[in-house]
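Read the structure below first, then the notes.
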Amino acid sequence: MILRKHRRALDLLTRLEKASEEGAREARPLLDAVHLTCALAVDKLLAKLFSDLSEDDARALSLEEREATPQGVSAQALTYGELEFRAVAKLLRKLGPAATSGGAFYDLGSGVGRVVFAARLLCDFDACRGIEVLEGLHGAAEAARAAFERPGSEWQRA
């Protein structure tokens, strides 16, 4: 999202990435600083966006719905778990600007959508989508999306 608003920033990041891959030692510290700055800002935004829904709350939503599943549906297959933000940021960074620019990002079993929001804020995907079968988690993700998309919200200024 940050890069989409600043096309030159994406171009600069791509050039720094390329220079670093080609062995330019001076590019790596600058590239690391840019990524760290973006990651810290996004982590802060996500903490605000999900301030009313802790990981424990999301896990409880998941458990409640799984326990109510009809026989024959594997509740174990719907076990709730979240990736740590730092791991997501590192994974997206490893993909590089070329892989995270344009196209679509999908998270299957997206829970409340934290990873989808991280991808949206950290990368320059054309679209980011979460797919979740548990209605409670999907509802929480939709509520976060509504807050995120509300005109004039702090997320739109990010």
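The values are calculated or read from the model by the stated rules, or taken from the named source; none is laboratory data. A quick note: this is a predicted structure, and the numbers were derived from the prediction, not measured. No Cβ is skipped: glycine too gets one built from the backbone with ideal geometry, and neighbour counts run over all protein chains shown. In case anyone asks, the SASA skips ligands and DNA or RNA and just uses the protein heavy atoms, side chains included. Shrake-Rupley method; radii C 1.70, N 1.55, O 1.52, S 1.80 Å.
Annotations
- Identity of the residue in the range 66-91, more than 24 Å from the chain's Cα centre (by Cα) and at pLDDT 75 or above, that ends up nearest to Ala39 (Cα to Cα): Arg66
- Residues in the range 99-130 that are open to solvent by 50 Å² or more (accessible area, probe 1.4 Å), at pLDDT below 90 and closer than 22 Å to Ser54 by Cβ: Arg120 alone.
- Residue pairs meeting the criteria (Cβ under 8 Å; at least 6 apart or on separate chains; first in a helix (DSSP H, G or I), in the range 133-152; second among the acidic types (Asp, Glu)): Glu135/Glu65; Gly136/Glu64; Gly136/Glu65; Leu137/Glu65; His138/Glu132; Ala141/Glu132
- Within the range 98-128, being closer than 21 Å to Ala147 by Cα and polar (S, T, N, Q) holds for one residue alone: Ser110.
- Among (1) modelled with pLDDT of 85 or more; (2) open to solvent by 90 Å² or more (accessible area, probe 1.4 Å) - the single one Asp57 does not satisfy: (2)
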